[in-house]
Amino acid sequence: MQQAQQIAQAKRLLHYLDTRTTATEPEPYHQPTAEYTCPDHAGKEQRLLFREGPLCIGASAQIRNPGDYFTDDMTGVPILVARGRDGIARAFLNVCRHRGAKVADGCGSSRSFVCPYHAWNYGLDGALVGRPEEYGFEGLDREHYGLTELWCEERDGNIWVCPTPGKTYSVDNILGVEMNAEMAAYQFGDYHHYETKHLTRQMNWKVCVDTFLESYHFPVLHRNSIAPIIHGNLNTADQIGSTVRMLGARRTLADLQNRPESEWDDVLRHLVGVYILFPNVVWTWQLDHIEIWHIYPSQADPVNQCTMRISFYTPEPAVTEKAKGHWDRNFALLMKTVEEEDFELSEQIQQGFHSGAQNEIVFGRNEPCLHYFHRTVTERVAAGV
Ligand code: FES
Ligand SMILES: [Fe+2]
C-alpha cells in the first residue's frame, strides 16, 4: 500500500476507534447454507473457479533462482512451476508426454526434469530435450512432445496460473490498476520464504475463507490470543474489482494520534492487512511479515473438506538463531490461534449446515467483507464463467 493510501486508511480506522464503529453495509446479508453443502454447487465452483479460472498459486520466493521449481496438486491438476534460465517463471502440466507420469515431485532446483519412468528429459522451458532409445519414437518429432504449458504470470511476488491449457488471463485485468499498485507497494517480490505448512480440515473451503473476513469474533473467540493485540469489530472493508480488502487495527494504532500526520511513516506497523486474491488466497500483511493461505476444496470431498497451504514470508532471510526464534514464535501463535480456535469452531459450523437448523445464515451489517466475497462467488457460479 502506498504511503498516501496508508495514511488515508489509518484515518478511517482511527475514526472507527473514536466513534466505536466499524465499516458497515446498509443491510445484513442472507447467505444460503446450500452453497456450503450442495455437491452440484461445489462441482461448479471446482470447474469455474479452481479449474478454468486464474489462481494465485504461489510466490516468487518459492522459485527465487533459475532452475528452482515447485509442484502443486491442490487444484486436482498436477502443475509444475519452474524458473527458466532466462529468469521467466513458467507453468506446465506435470504430466510426461510419453505415458503420463509426473516429471517432478515436491520442490527444489534442477537443470532439467527427468521422468522417473523411462527418463524422457524436459528442459526448464518444458521442451523435450532427450529421450532414451530415440529410434523407438521414429517419426514423432521431439518438438511436439514438450510439456503442456499453462498460462502463468508473475507479478509483484505472486505467481498466477490457470490449470486449464489454452485459457489465458492477465493480472492487469484480474487485479486492476488500483490493486496492482497497492500490491506492488508491499515489494513482496523481495521477500524470503520461511516456512510452509499443509492442513486438511473438515469444512467447506468457503467456511475457511470466512474465518478471515471479519473481526467481530475477536473479543469472543480470540479473547485470550489475539484480542489483546488487535481490535475487535473494527476494520475497513472494500472490494476492489474481485479483491476483497479488510484492514484491521493493532492496539498500537492510537499512538499515531500523538504525532503529526507528516510523521506517520510507519502506519503499516499498526495495521493488519487481509486481501482475498479471489477466489481462494488469503494474503495477509502482519506487522513485519507476510502470511499467505492457499485454500482449496479437497479432491476427496470438495463439499465438506478443504486442504490448505500456509506460507510465511519474511523481509530478510532468517539466518540467526534469534531471527529464527522470532519467526517461529510468530508462526506458532498464528497456527495455534487459527487451528485451535477458528478451525475447531469452523468444523462445527460445517456440521451444523447439514443439520437442517436453517436454510441461510446471516452476515451482519458489520461484516461487509463476507458480503463481498460471497456475492462474488455466487455471481460467478450463476454466470457460469
Ligand atoms: S512416462 Fe515419462 S518417460 Fe515414460
Ligand atoms: Fe479468527
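The values are calculated or read from the model by the stated rules, or taken from the named source; none is laboratory data. It should be emphasised that the depicted structure is a prediction, and the values quoted were computed from it without experimental measurement. When we count neighbours, we look across all protein chains shown, and the Cβ atoms used for this are built from the backbone with ideal geometry, even at glycine. To get the accessible areas, we keep the full protein, side chains included, count just its heavy atoms, and leave off ligands, DNA and RNA. Shrake-Rupley method; radii C 1.70, N 1.55, O 1.52, S 1.80 Å.
Some observations on this one:
- Among residues of the range 217-228 that are more than 16 Å from ligand 1 (Cβ to nearest atom), those with a Cβ under 8 angstrom from a residue that is of a type in the set (G, A, S), sequence gap 6+ or separate chain, pair up as H217/G232; F218/A227; F218/G232; P219/A227; P219/G232; V220/G232; H222/G232.
- Any hit, the range 293-300, residues being surrounded by fewer than 18 Cβ atoms within 10 Å (Cβ to Cβ) and in the same structural domain as I7 (by TED's automatic domain parsing): yes
- Test: residue in the range 235-258 that is over 30 Å from P54 (Cα atoms), in a loop (DSSP other than H, G, I, E, B), modelled with pLDDT under 95 and open to solvent by 40 Å² or more (accessible area, probe 1.4 Å): no
- Considering the range 130-173, the residues that are of a type in the set (A, V, I, L, M, F, W, C) and more than 13 Å from H98 (Cα to Cα) include one that is nearest to ligand 1 (Cβ to nearest atom), namely L150.
- Residue in the range 283-290 that is modelled with pLDDT of 95 or more and open to solvent by 70 Å² or more (accessible area, probe 1.4 Å) present: no
- For R365, the conditions (1) farther than 24 Å from A23 by Cα; (2) among the charged types (D, E, K, R); (3) open to solvent by 30 Å² or more (accessible area, probe 1.4 Å) all hold with the exception of (1).
- Listing of strands (runs of 3 or more DSSP E) fully contained in the range 123-172 that carry 1 or more residues being open to solvent by 70 Å² or more (accessible area, probe 1.4 Å) and either assigned by TED's automatic domain parsing to the domain that holds L80 or in contact with a Ser or Thr (Cβ under 7 Å, 6 or more places away or on another chain) (or both): 128-130
- Among the residues examined, L175 qualifies as crowded, with 16+ Cβ neighbours inside 10 Å, over 21 Å from L93 (Cβ atoms) and of a type outside the set (D, E, K, R).
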